[in-house]
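Following: one structure in structure tokens, then a few remarks.
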Amino acid sequence: MSSEANELGKYGLPLEVRFCKKCTMSNQRPSSSVEFKNIKGEKKRPLTLDDHGICDACNFSEKKKLIDWAGRDDMLRDLCDRFRRSDGRYDVVVPGSGGKDSVMAAYLLKYEYGMNPILVTWPPAIYTDIGSYNFNRWLETGFANYTYHQNRRVHRILTQQAYLNLCHPFQPFILGQKNLAPKMSVLLDIPLVIFGENEAEYGNAIADNEKPTRDPKYYSADGRLEDLFLGGVSARELMERYKFTIADLEAYLPIDPNKIEKVGTEVHYLGYYRRWHPQETYYFSVENSGFVPNWHRTEGSYSKYSSLDDKIDWLHYYTAHVKFGLGRATYDSAQEIRNGDITRDEAIALIRRYDGEYPHQYLKSCLDYMDITEQQFHDVIDEARTPHLWKLVGGDWKLKQPIWETTQIWKAV
Amino acid sequence: MARPVGLIDFGSMGNIESIRNALESAGADVRIIRNARDFESVERFVLPGVGSFPEVMRRIHSSGLEEPIRDATRSCPTLGICLGMQILATVGYEFGETVGLGLIDGEVRLMQCKSSVPHIGFASIQQVCESPLFSGIDETEEFYFMHSYEFVNYTDVAALSSHGQHKFVAAVSRGKLHGVQFHPEKSRDTGIKLLRNFVEL
Amino acid sequence: MRIIAKLDVKPPYVVKPVHFEGLRKVGEPRELARKYYNQGADEVFYMDIVASLYQRDIVYGPIEAAAKELFIPFAVGGGVRDLEGMSRLFHSGADKVVINTYALQHDPSLIDRAAKQFGAQSIVVSIEAKRSGDDWECYSDCGRERSGKLVMDWAREVQERGAGELLVQSVDHDGRQIGFDIDLIRNVKQLVSIPVVAASGAGSLEHIVKLAREAQPDALALASLLHYDHSDVSAVKAVLTAKSPSE
């Protein structure tokens, strides 16, 4: 190991890039932040590789093979039995926006576990056509839905600030997605909330995965407004600067924990009770529910079936590539390797071909939405670019340590 | 006991593995023929049919196989398959005019008919004269055709077939020289039967 | 009407995507080729659906294995870029070669050159058609990349360049078992004079009868219907014979 191995660079990331030996993730990958504590300069908690060079997510994937899924299914049935209502009223909140995961979750809970789901949606900032299409198809299959339409002015400003200050335009979406469901649970007096899979599966500390309920730290905080940050700006300052009221920010703030306790809200994720295989989820949602994949390849990756509904998503993955050297193709392929869909070499070929692809298709929409100029866009990218990952070669930015140079695969034909 | 059967290899022209496998299934000990000397170990041989007329004739000339093939057809039972049958003709008109081996009179022309061309698919044949090749094969059995060109011949027709309303020559025979427009190696058991008949001639 | 069993292969497995997405395994090439041969299939089409996408050569091993003792026509495609590659495929057991991505996106003259060398009858052009308003657009790289070319224009062009056969697939119907895109097949069939193989969407014998009646393709390529054992080749042939005893 080089002497640099333990040294840290921008974002608190290790200077030496190391890739997991099984999947395509690197030690530059940050785990999910507690977003309302996220400010500029925050050090990330990066992916750890064990002594064999294997990442947490892959190790967890191995452990998954030993899980007694029949037993977990029993636990889910018990859970449902506990909350199932016999008076015909809604008894479970299923959050989602019509992507394959929420489509499958709602379907299963209704038809296999005999529950009566009510859907809640924290909608994307900018719906793609395919996202809209799939959302409508979802409703057509026979579910009622509460959509919280964000205050557009607020949402745009927060997205803009998140981009300018953190190069993280997806933050407002993430905040709402995590926070809305428990709030709706309280509002509707339906204690049980079940999400699809848990993003922790993709590389957060394994400890997060052992429990079926989403860790309260992710959606509850008893903070004062100075200590809560949105878009990298304290809530207090946002209110002063933009004349927001507390109501304007409430959607992004975590719920008062007392309220959760009163209703008895429990947030679970299906990925704990059923072996989650995203491609199989895709098949399930198409075969049972009219979900359709993207019309063509998603920019930045090779896949057509995941994270399709928000134009900001494309920008999000691009910024991740700039900051961590990991784009959408890396994320998609790492998951597919773990699920046995593709091999590591095939993944590397795909990353070489597509990772970090410029988000041409939706960039203008995103910039217009955030009300920033192309110059501002580039300035932020330049500032966010992690020096220890990138080098300038003939006017183009190239990764210093790309995954396809760490191993021998076929030459691209 | 496996009979030695030669199979001409014109070099990177197409698939002769299928014919080889089918001949072996039909009881042949297949010997690949690339030059004159290779003919010495066989008593019968097959001219496979892949590629285009001018391309195959070009390779026959450049490989020096023309004379050896002519000589061999005089003494050995020979089976030309698809293009292998067509090159026996006087002239072919695929991609321009090309002189064939001229061993059986006739011209190879583009099929003119209302149905789709190339003619691709299974069809049955009408035997016009008795031929040992078709022994044990009845009229309902089908062979696989895959061609845009047909061998126009009136003197040595062994069988006819139809593509839509259009009748064309499906097989020719002249002494020991036989040709079939279809692909027996792609015609299931029926094709294997025909190949066995040839192997056992 | 020829009945063709279509194997979409991500070596070493046969897979069945839906809308050209997903890699669910349904069997192995040799085993399925054999199975469908025994059911009476007229031909087998083997498509390495990831070669172009992964920018690599087609994998030969499973092709050779599947071709052994398959005494019916065997068409093979996937990542074909040049005559040398085609030649290698013929030597591995292919009787016909199927091309799409390279000819569509890079160099259509590959079709002309291939027809000259190997004969038009051995060149199949595969079209991945996606509805676009009233038209259809051609896609490549396993239904992922747009080309900007309309299917009808491309079909006419490839026929002129010397292709012997067209395999017409539908991105909208692929793997869905909801029936064929009949308009698509009918339009192509009326436009060209080379044989047209209709693919994508067969979920029942009724779908097949309807397609035969309304579009009259020269052949049918079946995948999901066979792989999931919803029917078999002999049942398909029987229903088509019943529909039209004179054919």
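None of the figures in this text is laboratory data; all of them are computed from the coordinates on show. Keep in mind the model is a prediction, meaning the values are calculated, not measured. Methodologically, a virtual Cβ is constructed for each residue, glycine included, from the backbone with ideal geometry; neighbour enumeration extends over all protein chains shown.
In table form, for the structure just shown:
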read-out: Shielding by partners - mean other protein chain Cβ count within 10 Å, residues of C:114-125; value: 6
read-out: Karplus 3J(HN,Hα) series, Hz, for segment C:70-80 with 6.51 cos²θ - 1.76 cosθ + 1.60 (x for Gly, Pro); value: 9, 8, 9, x, 10, 9, 10, x, x, x, 6
read-out: Förster radius 56 Å - calculated FRET efficiency between residue A:406 and residue B:1 (Cβ-Cβ, nearest 0.05); value: 0.45
read-out: Reachable aspartates and glutamates, given that their alpha-carbon falls under 14 Å from the alpha-carbon of residue A:311 and they are not under 8 places away in the same chain; value: A:129, A:299, A:368
read-out: Over chain C, relative contact order from alpha-carbon pairs under 8 Å, at least 6 apart, %; value: 18 percent
read-out: Cα centroid separation - segment C:197-218 against segment C:2-67, whole Å; value: 21 Å
read-out: Nearby aspartates and glutamates by direct alpha-carbon distance to residue A:21 (threshold 13 angstrom, same-chain neighbours under 8 apart not counted); value: A:50, A:51, A:56, A:345
read-out: Partner chain coverage, peptide C:86-94 - average Cβ within 10 angstrom; value: 4
read-out: Computed magnitude of the charge dipole of the protein assembly as shown (debye, nearest 20; Cβ of K, R +1, Cβ of D, E -1); value: 780 debye
read-out: Residues of segment A:383-399 with amide N under 20 Å of a point placed 7 Å along Cα→Cβ from residue A:360; value: A:395-398
read-out: Using a Förster distance of 30 Å, the FRET efficiency for residue A:368-residue A:42 (Cβ separation, nearest 0.05); value: 0.60
read-out: Value at 222 nm in deg cm²/dmol, rounded to 500, when DSSP H runs of n ≥ 4 in the protein assembly as shown each add -39,500 (n - 2.57); value: -10500 deg cm²/dmol
read-out: Antiparallel DSSP beta bridges within the protein assembly as shown, percent to nearest 5; value: 45 percent
read-out: Furthest towards positive pole of dipole, B:155, B:39, C:100, structure part the protein assembly as shown, Cβ charges; value: C:100
read-out: Placed amide H near residue C:203: partners under 5 Å, 5+ positions off or other chain; value: C:179
read-out: Exposure proxy ranking, count of Cβ atoms within 10 Å, fewest first, for C:173, C:91; value: C:91, C:173
read-out: Rounded to whole Hz, the Karplus (6.51, -1.76, 1.60) HN-Hα couplings of segment B:114-128, x for glycine and proline; value: 6, 6, 4, 10, x, 7, 10, x, 8, 8, 8, 10, 10, 6, 9
read-out: Unit charges at the beta carbon, dipole of the protein assembly as shown: most positive-side option, A:12, A:399, C:236; value: A:12
read-out: Other protein chain Cβ atoms within 10 Å, averaged over every residue that makes up C:173-179; value: 1
read-out: Evaluated over segment A:268-413, the Cα radius of gyration and Dmax, each in Å; value: 17.0, 51
read-out: Cβ-derived FRET efficiency at R0 30 Å, residue C:206 paired with residue C:160, nearest 0.05; value: 0.25
read-out: Nonlocal amide H pairs with residue C:167, under 5 Å, H built at 1.01 Å; value: C:125, C:126, C:127, C:197
read-out: Gap separating the Cα centres of segment B:119-163 and segment A:15-89, nearest whole Å; value: 66 Å
read-out: Estimated dipole of chain C in Debye, rounded to 20 [Cβ of Lys and Arg +1, of Asp and Glu -1, Cα centre]; value: 320 debye
read-out: Largest to smallest principal axis extent of the C-alpha atoms in segment C:165-208, angstrom; value: 28, 20, 16
read-out: 11 Å beta-carbon shell around residue C:28, net charge (K/R +1, D/E -1); value: +3
read-out: Overall dimensions of segment C:2-242 as given by Cα atoms, namely Rg and Dmax in Å; value: 16.0, 45
read-out: Segments C:191-197, B:182-188 sorted - mean Cβ within 10 Å per residue, highest first; value: B:182-188, C:191-197
read-out: Mean separation of Cα contacts under 8 Å, 6 or more apart, over the residue count of chain A: relative contact order %; value: 20 percent
read-out: Extreme residue, positive dipole direction of the protein assembly as shown, given options B:5, B:100, A:319 (C-beta unit charges); value: A:319
read-out: Principal axis box of the protein assembly as shown, alpha-carbon based, largest edge first, Å; value: 104, 65, 49
read-out: Convex hull of Cα atoms in segment C:119-247, direction-averaged projection (nm²); value: 8.2 nm²
read-out: ³J(HN,Hα), Karplus 6.51/-1.76/1.60, whole Hz, each residue of segment C:135-142, x for Gly, Pro; value: 10, 10, 10, 7, 10, 9, 6, 6
read-out: Net charge of neighbours whose Cβ lies under 10 Å from the Cβ of residue C:163, counting Lys and Arg as +1 and Asp and Glu as -1; value: -3
read-out: Cβ-based exposure ranking for A:261, B:107, in which fewest neighbours within 10 Å come first; value: A:261, B:107
read-out: Space enclosed by the convex hull of the alpha-carbon atoms of chain A, per residue, Å³; value: 144 Å³
read-out: Given charges at beta-carbon only (K, R positive; D, E negative), |dipole| of segment B:3-199 in Debye; value: 100 debye
read-out: Local electrostatic count at residue C:185 - Lys and Arg +1, Asp and Glu -1, tallied over other residues with Cβ under 12 Å; value: 0
read-out: Under 5 Å, built H, 5+ apart or other chain: amide partners of residue A:97; value: A:102
read-out: Alpha-carbon centroid distance for the pair segment A:339-411 / segment A:230-246, whole angstrom; value: 32 Å
read-out: Cα principal axis extents for chain B, largest first, Å; value: 46, 39, 29
read-out: Residue among C:147, C:234, C:132 with the largest mean-square fluctuation in a Gaussian network model of chain C, springs linking Cα atoms under 10 Å; value: C:132
